[in-house]
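Quick notes on the structure that follows.
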Amino acid sequence: AAFRPGTTFSDPTNGVSISINSADSSGLSGSVTTGGPTTCVRQSPTAEVSPVTQSASAGTKLTYTLTVKNNDLNCTSPSVFNLSANIPPGWTSGFPATSISVNPGSSAPMNFDVTSNPSSVNNTYQIVASATNNTNPGLTSSSLAYYAVFPQGAHYAATNLIVTSQGCGPLGKVS
């Protein structure tokens with residue numbers, strides 16, 4: 001479109017308006033107004049599990065926290081995110097609620113429990129916790145955590161995703 005005096009070009013998605021006041025052979029006179037995007041743009045959330053690594057004997061319930069950040073742009077209403085955890089077969093997991101409502105630009109934590117199978121072998125297992133927009137399942141985020149299973153009666157420390165035996169006495173230096 002040609003820029004002529006009295007015309008305005010608007011881009012509501014990016015929040016830009018250009019108004020032309022006058023035009024002659026020397027150039028244009030006008031104004032530019034910016035305000036950022038004005039339409040609500042839903043984005044994938046950010047999911048983060050903490051602590052990243054915990055350790056316990058087989059059959060023990062551990063509590064993790066999934067923090068969900070709503071990354072929506074220029075939205076006035078919160079988004080609802082469905083919560084889930086992918087765990088090893090034979091284990092149990094539970095959130096106190098199946099979803100969480102989070103305002104744009106804000107974060108909200110939700111604790112969840114993971115109980116290993118009592119017959120789980122000594123190893124470090126992956127837990128993947130996810131938050132998915134309940135109206136647009138393509139907007140999702142996942143975070144990885146670990147559950148280190150050690151033998152009954154032994155003391156172990158999980159460091160750098162490696163389980164290191166410390167015997168049954170006081171914990172020594174873990175390197």
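The values are calculated or read from the model by the stated rules, or taken from the named source; none is laboratory data. From a predicted model like this one, the values you see are computed outputs, not experimental measurements. Methodologically, a virtual Cβ is constructed for each residue, glycine included, from the backbone with ideal geometry; neighbour enumeration extends over all protein chains shown. Side chains are part of the model used for accessible areas, which takes the heavy atoms of the whole protein and leaves out ligands, DNA and RNA. Shrake-Rupley method; radii C 1.70, N 1.55, O 1.52, S 1.80 Å.
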- Task: Whenever you get a sec, line up F95, F9, F112 from highest to lowest accessible area (probe 1.4 Å, protein heavy atoms).
- Result: F9, F95, F112
- Based on the Cβ-Cβ distance from N82 to T34, what FRET efficiency comes out when R0 is 35 Å, to the nearest 0.05? 0.45
- Item | Simple spin-label estimate for D113 and D24 in nanometres, 7 Å along Cα-Cβ | 8.0
- Figure the gain on full extension for S101 and D11 (residue separation times 0.36 nm, minus the Cα-Cα span) and round it to one decimal in nm. 29.4 nm
- Amide H neighbours of S84 under 5 Å, at least 5 residues apart or on other chains, H built in the peptide plane: list them. S130
